[in-house]
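Below is one structure; the comments refer to it alone.
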Amino acid sequence: MSRLGVQAALLAAGWAAFFWLVSAQELWARVMGALFPQVSTPVYERNTLWELTWQHLGLTGVTMTLVVLIGVGLGVWTTRAQGHAFLPLVNNLTTVGQTFPPIAVLFLALPLVGFGATGAVAALTLYALLPVTRSTVLGLQSVDRPVLDAARGLGLSAAQRLWRLEVPVALPAVLAGIRTALVLTIATATLAPMVGTGGLGVPIIAGLGADNLALILQGAIPVALLALLGDLTMRTLERWLTPWVP
Amino acid sequence: MIEFREVTKQFAGGPPVLNGITLAVPDGELVVLIGPSGSGKSTLMRLVNRLIEPTSGSVWVDGRNVADVNVVELRRNIGYVIQSVGLFPHLTVAQNVELVPSITGVPAAQRRRRAEDLLHLMGLEPAAYAERYPRQLSGGQQQRVGIARALAADPAYLLMDEPFSALDPITREALQEQFLQLKRELGQTILFVTHDVEEAVRLGDHICLLGDGVIQQFGPPDELLHRPANDFVASFMGDSRELLRLGLRTAADYMRPPDPAARGQVGLDWPADRALSALLGAGGAAMQVVAPSGEVVGSLRLSDFAGSSQAQQPAGEPGA
Ligand SMILES: Nc1ncnc2c1ncn2[C@@H]1O[C@H](COP(=O)(O)OP(=O)(O)O)[C@@H](O)[C@H]1O
Ligand SMILES: [Mg+2]
């Protein structure tokens, strides 16, 4: 099997192990009960870990879809002649979006988009936009002048140059930006319960309030594993989609 | 035929780079544009495929004013090769060569066969190179792919902007040799930019020397070397221009009847500069001229080069 094949197989095994782990509610209760005999509720009880995990995946999935569409869109637009004037503005806005602490972005977005899942998704999207927009711009700008000149001289139209040259050449950078945004979103989504949404942040925040380390770990361990698996999945995808990268 | 009619080009805020250029590249010929750096060679070339538009005057290809031709259609009929090659880094060698045919919808099997033929012709065995990426090739190999890519759609015209200038001398000479052979087989009409006099003399059917925005001289290589139109041309073509001329001829052009006293041998088909070098090495004694069959057909001595160079014309340039 090729190196990529091995990587993909290991990854599939990793995801299977992860889903088994978050479905094993009984196991968590027993292990946490044994580790922390003094706490009365060793696992979060209003939702199963399985439910919390899927809420978290849902938040991340919707956010990342928006981040990729908007981020790549902005990156392409600001590197075309029509949108070039907006490049500095977009750069600044996305930077501001990210330099704010995530919690501040969450609360600042509240009056605009309201409490609940919409608010959380909007804030998370704003927060994760920077790496994708920035890497799309940098990726598109990294296309060598002579290659673009050759493409023009060989009779490729502007659209053909974009799709057959600029986008593929930018792809490694774009994918790396998406990977950064994904890990960021998985981690930051743990704050979503503060604006009234679910996810793996729910037991963490409950645990912090009740000084219950078992609850904190029940949220934190799956989030950490999710971030790790997300990162590895993107890396595998990158290797598969961009075989020309050394 | 490519024709420039009274072409002037002035970039915003600068002096005119080209000033009333009128020039024709006849069908099937290779015309070299040569001149100092910044003399407008690339600019003149890029007017042909409309990467640049003229300030005034017109450019004609195949009897049509390029300003009236759809720019994409125009470029597809004109192969384009540049010094930095510009291969697509994310495509394999074969995919790079197939680029234009894949856009114009040539069936996959057919364009693949064409790509393999062209790679073979350029001295890259498809079995070894077709699936490699550009970064896995040397500069010379990349330019071979660049030329194959330009030829893939079988264009009637080729524009080549210093295609061999970035290569080391040995690779450059090998590519020039291979390119000359290719040109004879394919018969494209070629406009070729270089700043290297030797390359211009070796490759050009005609040379156009640009300087100060105008054509300083247009003619066969021998004419620019032997009868420079002005001091600019004489100085640009260099002090060794009579030696360079020897490269246009062979030993056959200079030899006299066989001489029994001659010792050592030069080939009948050797370039004259190589024969001269052999004579100098032999200390000035006469040498035999030997046909490829091994038969002695004549003799050569140093004085033969001094006497006949005015009278004789290079092979294939009657009346030039
Ligand atoms: N796009 C451009 N804008 C402004 N000036 C240019 C442009 N392209 C070329 N020039 C100028 O035109 C002159 C001729 O350039 P070029 O045709 O590239 O010369 P060459 O190929 O003979 O070295 C140079 O002075 C160069 O600076
Ligand atoms: Mg140039």
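The values are calculated or read from the model by the stated rules, or taken from the named source; none is laboratory data. Since we're looking at a predicted model, the values are computed, not measured. FYI the Cβ positions are ideal-geometry reconstructions off the backbone, even for glycines, and counts take in every protein chain you see. Only protein heavy atoms, including side chains, enter the accessible area calculation; ligands, DNA and RNA are left aside. Shrake-Rupley method; radii C 1.70, N 1.55, O 1.52, S 1.80 Å.
Worth pointing out:
- Hits in the stretch A:135-161 (condition: buried (at least 17 other Cβ atoms within 10 Å of the Cβ), of a type in the set (A, V, I, L, M, F, W, C) and within 10 Å of another protein chain (Cβ to nearest Cβ)): A:V143, A:V147, A:A150, A:A151, A:L154, A:L156
- B:I147 among the β-branched types (V, I, T) and either open to solvent by less than 10 Å² (accessible area, probe 1.4 Å) or within 16 Å of ligand 2 (Cβ to nearest atom) (or both): yes
- Figure legend. Inter-residue proximity from the stretch B:60-87: first residues at the interface with chain A (Cβ under 7 Å from one of its Cβ atoms), second residues among the aliphatic types (A, V, I, L, M) and outside any helix (DSSP H, G or I), beta-carbon distance below 6 Å, spacing 6+ or different chains. Indicated pairs: B:R76/B:A153; B:Y80/A:L154; B:Y80/B:L159.
- Reported count of residues in the stretch B:141-170, each being within 16 Å of ligand 1 (Cβ to nearest atom) and aromatic (F, W, Y), is 1.
- Qualifying residue in the stretch B:8-23 (condition: farther than 27 Å from B:G139 by Cβ, within 16 Å of ligand 2 (Cβ to nearest atom) and basic (K, R)): yes
- When the stretch B:122-140 is filtered for residues that are more than 14 Å from every other protein chain (Cβ to nearest Cβ) and open to solvent by less than 40 Å² (accessible area, probe 1.4 Å), the ones remaining, listed by number, are B:M122, B:L124, B:P126, B:A130, B:G140.
- Listed by first and then second residue, the pairs linking a residue in the stretch B:157-175 that is more than 14 Å from chain A (Cβ to nearest Cβ) and away from ligand 2 (no atom under 16 Å from the Cβ) to a residue that is of a type in the set (A, V, I, L, M) and assigned to a loop (DSSP other than H, G, I, E, B), with Cβ atoms under 7 Å apart and 6 or more places separating them unless they lie on different chains, are B:L175/B:L167.
- Listing of strands (runs of 3 or more DSSP E) fully contained in the stretch B:198-283 that carry 3 or more residues being crowded, with 22+ Cβ neighbours inside 10 Å, touching a strand residue (DSSP E or B) at 6+ places or on another chain (Cβ under 8 Å) and outside the structural domain of B:V296 (by TED's automatic domain parsing): B:206-211
- Hits in the stretch B:33-57 - residues which are small (G, A, S) and within 9 Å of ligand 2 (Cβ to nearest atom): B:S37, B:G38, B:S39, B:G40, B:S42
- All positions within the stretch B:88-121 that are out of contact with any Lys or Arg (no Cβ under 8 Å at 6 or more places or on another chain) and within 9 Å of chain A (Cβ to nearest Cβ): B:H90, B:L91
- Helices (runs of 4 or more DSSP H) fully within the stretch B:40-121 that include at least 1 residues being open to solvent by 40 Å² or more (accessible area, probe 1.4 Å): B:41-48, B:71-76, B:93-97, B:108-121.
- Residues (surrounded by fewer than 20 Cβ atoms within 10 Å (Cβ to Cβ) and closer than 16 Å to B:Q188 by Cα) located in the stretch B:150-170: B:D154, B:A156
- Annotation note: Cβ proximity below 7 Å between a residue of the stretch B:5-29 that is at negative phi and a residue that is exposed (fewer than 13 other Cβ atoms within 10 Å of the Cβ) and not hydroxyl-bearing (S, T, Y) (sequence gap 6+ or interchain) occurs for B:V17/B:F11; B:T22/B:E6.
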